[in-house]
Amino acid sequence: MQFSLITFCAALLLSIIHLNAARFRSVPLFPYRVWVSLAAGVSVSYVFLQLLPKLAQSDAVLTANGGSAEVAKYQAFLIALVGLVAFYGIEKVLSKAAREFNPEKLIAIFWARVGLFACYNIPIGYLLQYQLVYNGLRGLALYVVAIALHLIVIDSALLRGHNGREAKMARVLLAVGLCFGWASSAFNVLSEAMLAAVLALLAGAMILVVLKEELPNQNESHFPSFALGAFSYALLLIGL
């Protein structure tokens, strides 16, 4: 993989969305719960129709690179499971600490969560080049749409109750994580097996994030929007 103006523009676009996520959430014609439910539907559709099939492909790549025959055929799924459990474990520890309501500790926990999601953004940025190389311009565009909505809702979940300079700095760090991932793909090419492992790890973490952060509760949900997002994005993936 090498520098691509197309993926640079995609990374720049996602960074701009990150930095201005609060504005994107405040669309006058659409209530917040409609936005959240629509984004959740798109993300769930992306997980089931893109990430899970890609896990099977990654599993085949990792199996071909050796290891115990019995373990090798499950490698990608095991890596995805590690990603899910690790992300959940870290979030659980941070949430437990936050319940102590120590103001100083709450600020530290907030920045720890921001750092966690900045790291989460690194493989998202890295895979922009992967999408273009292996899935073409259409695949990249569909990936950007799904990730853009995903990032807007994550911004809401992560920065709820935070504003001003604190929120701006957090968004900058999140955007830096994404750009760092893109830059890494331009200057540090991973082997096919390592790329499959990165994809599997991201898949596990993303499945958890989608289920935990993007499926809103009953008071914030709007099922028609959720269904519209899920099935319209599914039609785009299958039909285009």
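Looking at segment 179-201, can you tell me whether even one residue there is at pLDDT 85 or above and of a type in the set (S, T, N, Q)?
The answer is yes, given that some residue of segment 179-201 is at pLDDT 85 or above and of a type in the set (S, T, N, Q).
Leu29 - would you say it is surrounded by fewer than 15 Cβ atoms within 10 Å (Cβ to Cβ) and modelled with pLDDT under 75?
It is true that Leu29 is surrounded by fewer than 15 Cβ atoms within 10 Å (Cβ to Cβ) and modelled with pLDDT under 75.
If a residue must be open to solvent by 30 Å² or more (accessible area, probe 1.4 Å) and either within 19 Å of Leu159 (Cβ to Cβ) or touching a Leu at 6+ places or on another chain (Cβ under 7 Å) (or both), how many such residues does segment 124-141 contain?
The qualifying residues number 2.
Of the residues Leu173, Leu149, Leu140, Leu106, which is assigned to a helix (DSSP H, G or I), more than 14 Å from the chain's Cα centre (by Cα) and modelled with pLDDT under 90?
Details: Leu173 fails: modelled with pLDDT under 90; Leu149 fails: more than 14 Å from the chain's Cα centre (by Cα); Leu140 fails: modelled with pLDDT under 90.
Result of the check over Leu173, Leu149, Leu140, Leu106: Leu106.
Out of (1) more than 16 Å from Cys9 (Cα to Cα); (2) touching a residue at least 12 places away in the same chain (Cβ under 8 Å), the odd one out for Tyr143 is which?
(1)
Given the structure, is Leu178 touching a Gly at 6+ places or on another chain (Cβ under 9 Å), part of a helix (DSSP H, G or I) and under 13 Å from Arg113 (Cβ atoms)? Spell out the reasoning first.
Working: touching a Gly at 6+ places or on another chain (Cβ under 9 Å): yes; part of a helix (DSSP H, G or I): yes; under 13 Å from Arg113 (Cβ atoms): no.
So Leu178 fails the test.
The values are calculated or read from the model by the stated rules, or taken from the named source; none is laboratory data. All of these numbers come straight from a predicted model, not from anything done at the bench. Ideal geometry is used to build each Cβ from the backbone, glycine not excepted, and the neighbour counts take in all protein chains shown. The accessibility values were calculated without ligands, DNA or RNA, using every heavy atom of the protein model including side chains. Shrake-Rupley method; radii C 1.70, N 1.55, O 1.52, S 1.80 Å.
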